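**Q** If you scroll down you'll find the structure; I have some questions about it.
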Amino acid sequence: MKAVLVIIGIVVGITILGWVLGWFGNAADVAKKEYYPEAMLKKYEWFIDQSKAIQKMDQDIVNFRKRAEAVDQKYAAYGAQKTWAPDVRVQYNHEKTNATDDLIAMTSQRNGLVREYNAQSEKFTWAPFKTRDDLPPQTFSEYRE
């Protein structure tokens, strides 16, 4: 009977030891996966690529704003909007709507990229790869008429 209890104790002890070592082994595998040089480089490059894309979209938004303003300037020569011929109004509304829609779409895409960038930067395993200097503002000022 004593021998059976000793064998059961050894089996339980080996099982517990195996479980603990497996847990540490799994933790080491996760740490290796997240902080291996290749993974760290990919995370760093992702932040740089995302930051550059956001900067490009910021410039595109400025250009789309100028385009919307140019539509108004183009039609200013026609005088007060109330006096415009119907075909001029239709053309103006078409151009203004397209310019405004493009501006809103670009702003929305940019803000989506920023939300993704900021969400990734909050993750424990990604936070070391970004800096406060390259953290873009949460939203670009929306279209204002």
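The values are calculated or read from the model by the stated rules, or taken from the named source; none is laboratory data. In this text, all values refer to a predicted model and were calculated from it rather than measured experimentally.
**Q** Out of curiosity, is residue 89 under 33 Å from the mean Cα position of the chain (by Cα), more than 20 Å from residue 124 (Cα to Cα) and basic (Lys, Arg)?
**A** The answer is no for residue 89.
**Q** Also, I was wondering about something else. Return the residue satisfying two criteria in turn: it lies in segment 116-133 and is in a helix (DSSP H, G or I) and charged (D, E, K, R), and of such residues it is modelled with the highest pLDDT. Before the answer, list the steps.
**A** Taking segment 116-133 as the starting set, the residues that turn out to be in a helix (DSSP H, G or I) are 116-122, 127-129, 132-133.
If we keep only those that are charged (D, E, K, R) as well, we get 116, 122, 132-133.
Working: 116: 90, 122: 79, 132: 57, 133: 57.
Of everything passing the filter in segment 116-133, 116 is modelled with the highest pLDDT.
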